[in-house]
Structures are given as C-alpha cells and as structure tokens.
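Asker: Sharing a structure with you now.
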Amino acid sequence: MYVAAYVQLLPPVVGALAHRLTSPARRWVVVWCLMLALQDAVSRLVTLLRGENLFVAYIFLPITGAIALWVLSLWQSGPTSRLAMRLAIPGFVAVSVGLSLLADDPHSFSLVTAPFYAVVMLIASSWTFVRRSLGGDGTLLEQDWFWMVGGIMLYFGAFTAMQPLVSYFLASGRNDLILAAFNVRSAMTLLAFVAITGGMLCPVRPTYSGGLFSPPSSPSPSWSPPWARRW
C-alpha cells in the first residue's frame with residue numbers, strides 16, 4: 001500500500017526530470033498527482049495524531065475530482081464536449097459536498113459520496129478514452145493521452161470496485177478480506193501511475209488548451225497558413 005502511495009509522485013518527478021511538462025494537460029496531471037499524494041500524507045499524519053483519518057477523504061474528494069475533470073476536459077476532441085466537462089465541475093463539487101454533509105458519516109467508510117465520486121470519474125475518463133480512441137489519428141501507443149487517460153481510467157476503476165467490496169466485507173464481518181481488497185487496489189493503482197508516467201515520456205503533440213473554444217495549442221512545425229503555401 002505504501003508503494004502505491006509513493007508511486008503517485010512518479011509522473012511529476014519523471015515529467016520534470018525529462019522536461020516533458022510542456023502542455024497544459026500534462027501540467028494539470030502533475031497537479032492531480034501531487035494532490036493525491038498530499039491527501040495520503042495528510043491521512044498518515046492524522047493517523048499518527050488521532051488514530052482515525054477517514055474524514056480526510058471527504059475533504060479531498062471534491063478537490064481531486066474537480067482537478068481530474070479539468071484534466072479530462074483538456075483532452076476532449078471538440079469545444080462542445082470540452083465545455084460540457086468543465087460545466088460539470090461545479091455541480092460535481094456541490095453534490096459531493098452535499099452528500100458528505102447529509103448522507104454520510106465522516107468517521108466511517110463512505111457509502112454514498114465515495115461511490116458517487118468514483119462512478120462520475122470512471123464515466124468521464126472512459127468517455128474521454130473512447131472518444132479520443134475513435135477520433136484519433138496516428139499510433140495510439142505514441143500519444144500521451146492514451147496512457148494518461150487510460151491510467152486515470154484504471155485508477156478510478158479500482159476505486160469504484162473498492163467501495164462496494166469494503167462495505168460488503170464490513171457488513172458480513174469479513175475483516176480479513178478488507179486488507180486483501182486494499183492490496184489489490186494498490187496493485188491496480190501502481191499500474192495506473194506507471195501508465196501515466198509512460199504518457200509523460202511520449203512525444204509532445206499539439207493539444208487542446210485552456211480556452212473553452214480554443215483550437216489546438218500549437219501547430220506542427222511544418223504547418224503554414226494556406227495563403228503562404230506555394231500552389
């Protein structure tokens with residue numbers, strides 16, 4: 001479990017050392033990874049100070065979810081889907097906070113907020129992955145979004161499966177299986193961030209940047225406007 005926590009720092013470190021943090025999407029992936037690492041660090045500190053740390057996740061879920069949605073918006077293939085992804089962020093944060101306050105106990109495993117968070121993130125990442133795969137050109141394995149969005153999708157897939165499993169094991173008194181479930185999730189988390197790190201090492205390609213309706217951030221080196229071309 002500790003390895004899975006530290007591996008979240010692998011994409012930022014590799015991206016910085018390889019000088020590959022040259023696109024908005026990659027930089028926001030770094031922010032997301034650092035926020036997840038911060039959540040783990042705060043959780044461990046709280047455990048040392050007071051023993052129980054489950055409430056920490058309720059604080060970070062809206063933050064990490066909002067950042068993940070923003071990251072995915074940067075990889076949308078058109079302005080409409082990009083705008084839709086960004087407009088979903090305030091609603092996601094509001095619902096997450098509302099569920100945390102009204103439907104869950106912050107001192108126990110989440111039965112509502114975490115599953116909502118996990119399902120929304122899994123749907124958003126899967127949608128982005130499928131749309132880009134169907135509409136992309138070139139070799140998918142050479143494109144950073146393929147590895148990064150795939151890693152994000154794997155991460156949230158493990159998160160989604162974890163919630164009902166832990167709840168079931170707690171209800172049935174199978175506490176011995178909870179650790180096994182966390183170990184499986186840790187293995188999937190490790191694979192997810194290794195994939196994201198691989199995406200950091202891919203060649204940098206023009207991407208859709210921060211503007212709601214902006215075109216790709218930069219043209220290819222050989223690009224020239226039609227009026228400058230020799231007919």
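Asker: So Trp75 passes all but one of these: (1) part of a loop (DSSP other than H, G, I, E, B); (2) over 30 Å from Gly135 (Cα atoms); (3) of a type in the set (A, V, I, L, M, F, W, C). Which condition number does it fail?
Answerer: Among (1) part of a loop (DSSP other than H, G, I, E, B); (2) over 30 Å from Gly135 (Cα atoms); (3) of a type in the set (A, V, I, L, M, F, W, C), the lone unmet condition for Trp75 is (2).
Asker: Report whether or not Ile59 is of a type outside the set (D, E, K, R), within 26 Å of Ser108 (Cβ to Cβ) and either at pLDDT 85 or above or surrounded by 16 or more Cβ atoms within 10 Å (Cβ to Cβ) (or both).
Answerer: Yes: the conditions hold for Ile59.
Asker: Between a residue in segment 93-122 that is under 14 Å from Leu69 (Cα atoms) and at pLDDT below 85 and any residue that is of a type outside the set (A, V, I, L, M, F, W, C) and in a loop (DSSP other than H, G, I, E, B), which pairs come within a Cβ distance under 6 Å, given they are 6 or more apart or on different chains?
Answerer: Short answer, once both residue conditions are applied: none.
Asker: Something else about it: Please indicate, with yes or no, whether at least one residue in segment 125-147 is aliphatic (A, V, I, L, M) and touching a Lys or Arg at 6+ places or on another chain (Cβ under 9 Å).
Answerer: For segment 125-147, residues aliphatic (A, V, I, L, M) and touching a Lys or Arg at 6+ places or on another chain (Cβ under 9 Å): present.
Asker: For segment 141-156, does any single residue satisfy the condition of being farther than 23 Å from Val14 by Cβ and in a helix (DSSP H, G or I)?
Answerer: No: segment 141-156 contains no residue that is farther than 23 Å from Val14 by Cβ and in a helix (DSSP H, G or I).
Asker: Among (1) under 28 Å from Gly15 (Cα atoms); (2) crowded, with 16+ Cβ neighbours inside 10 Å, where does Ala161 come up short?
Answerer: The single condition Ala161 does not satisfy is (1).
Asker: Pick out the one residue from Ser73, Ser77 that is closer than 25 Å to Met200 by Cβ, of a type outside the set (A, V, I, L, M) and surrounded by fewer than 20 Cβ atoms within 10 Å (Cβ to Cβ).
Answerer: Ser77
The values are calculated or read from the model by the stated rules, or taken from the named source; none is laboratory data. Just so it is clear, the structure is predicted and the values come from calculations on it, not from any experiment. All Cβ positions, even for glycine, are placed from backbone atoms using ideal geometry, and neighbour counts span all protein chains on display.
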